[in-house]
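Structure record follows, encoded as structure tokens.
Read-outs: derived from the displayed coordinates by stated rules, not from any lab. Keep in mind the model is a prediction, meaning the values are calculated, not measured.
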Amino acid sequence: MPRILVVGRTGQVGTALEAALPATGWPFVVMEAPALDLTDAGSIEAAVATARPDVVVNAAAYTAVDAAESQVELAYAINARGPGLLAAAAAQAGAAILHFSTDYVFNGTRGPWREDDATEPLGVYGASKLAGEHAVAAANPRHIILRTSWVCSATGHNFLKTMLRLAETRAELRVVADQWGAPTFADDLADAVVRLVPRLVAGEGHGLFHFTGAPWTSWHGFAEAIFTGRAGPRLVPITTADYPTPAQRPADGRLDCGRIARVHGIAQPDWIAGLGRAMAALSR
Ligand SMILES: NC(=O)c1ccc[n+]([C@@H]2O[C@H](COP(=O)([O-])OP(=O)(O)OC[C@H]3O[C@@H](n4cnc5c(N)ncnc54)[C@H](OP(=O)(O)O)[C@@H]3O)[C@@H](O)[C@H]2O)c1
């Protein structure tokens, strides 16, 4: 029976994968640093050699978009070199690899973006993730790279948790209304992985795919959905210029998810349903 090795146990997607992968019926191991540290080539090789996987799922990344601007070396080590080494170790072991990337590989001028559109990251995080895509693809032809956006869940650091935390102490929240994209709940990503892994192992449908929740919205629209039907703060729409950050973000990060539907039959999940599940989990 094929074996799965997951990297990034404590992250949003790693946590969701640990819950979802039993549905494959396949044995799996979920690892984290230091046992598998993407900045440590030796740990990568040793972990893959020990796990002897048929497929590796890399849910680990350096995801601090603003901090990446000043931690360039670390962002590239975790998002580019490490995934390249992991993909090579997987290839050496005869395993395929599924890796995640981001809408931040685009400059955000005019979405929805297709997989074959030209990339132009605006910041270090996006550039390091793009370098990671190239490193994974070059090291292991048996790959699926899933670009996603605005990942959210009841665990970890994300926009949903930030909004709920700020709402505890503020009557008014100013939220950017001119950046467009789509929230993607980690459990929906994990369900997509459950469907993709057997196809990857079978050699079907390798390559680059976009996968996000639907429908598209703005951060302000996402915040409105979070507080719909419950007592919440007044939400004031602001522009990107009103909220300067160290890293520039794409104004239009909408990803066209048609290819994954055509090739793998995987439809975009409704993120509002995902939001409902996350809110229910948070209230337990
Ligand atoms: N979050 C988003 O909005 C977003 C948007 C688009 C794409 N993505 C992509 O989706 C994927 C999953 O993101 P996520 O939101 O689940 O990330 P996350 O919650 O920030 O989790 C990242 C994981 O990577 C681990 N990690 C960090 N440095 C590592 C290292 N040197 N070696 C091994 N593991 C390391 C972290 O471990 P520690 O907890 O120990 O640090 C954590 O488990 C990533 O590829 C990300 O780039 C995310």
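A few remarks follow.
- Phi angles across region 248-263 convert, under the Karplus curve 6.51 cos²θ - 1.76 cosθ + 1.60 with θ = phi - 60°, into 3J(HN,Hα) values of 7, 9, x, 5, 10, x, 5, 9, 6, 9, x, 5, 5, 5, 5, 7 Hz, Gly and Pro given as x.
- Rg over Rh [alpha-carbon atoms, Kirkwood Rh] for region 163-225: 1.17
- Under 5 Å from the amide H of Ile145 lie the amide H atoms of His99, Gly207, Leu208, Phe209, each residue being 5 or more positions distant or on a separate chain, with H modelled from the backbone and absent for Pro and chain starts.
- For q = 0.07, 0.10 Å⁻¹, Debye-computed log10 I/I(0) when each Cα of the chain counts as one equal scatterer: -0.24, -0.50
- For the chain, built as a Gaussian network whose Cα springs stay under 10 Å, the top-fluctuating residue of Gly82, Gly207, Gly132: Gly207
- Hull shadow area, averaged, region 90-240 [alpha-carbon convex hull, nm²]: 10.3
- Only helical runs count toward this figure. For the chain, summing -39,500 (n - 2.57) over DSSP H runs of n ≥ 4 and dividing by all residues gives -11000 deg cm²/dmol at 222 nm.
- Most fluctuating residue given options Ala137, Ala261, Ala127, as computed from a GNM of the chain linking Cα atoms under 10 Å: Ala261
- Contact order relative to length of the chain, as percent, for alpha carbon pairs under 8 angstrom and 6 or more apart: 21
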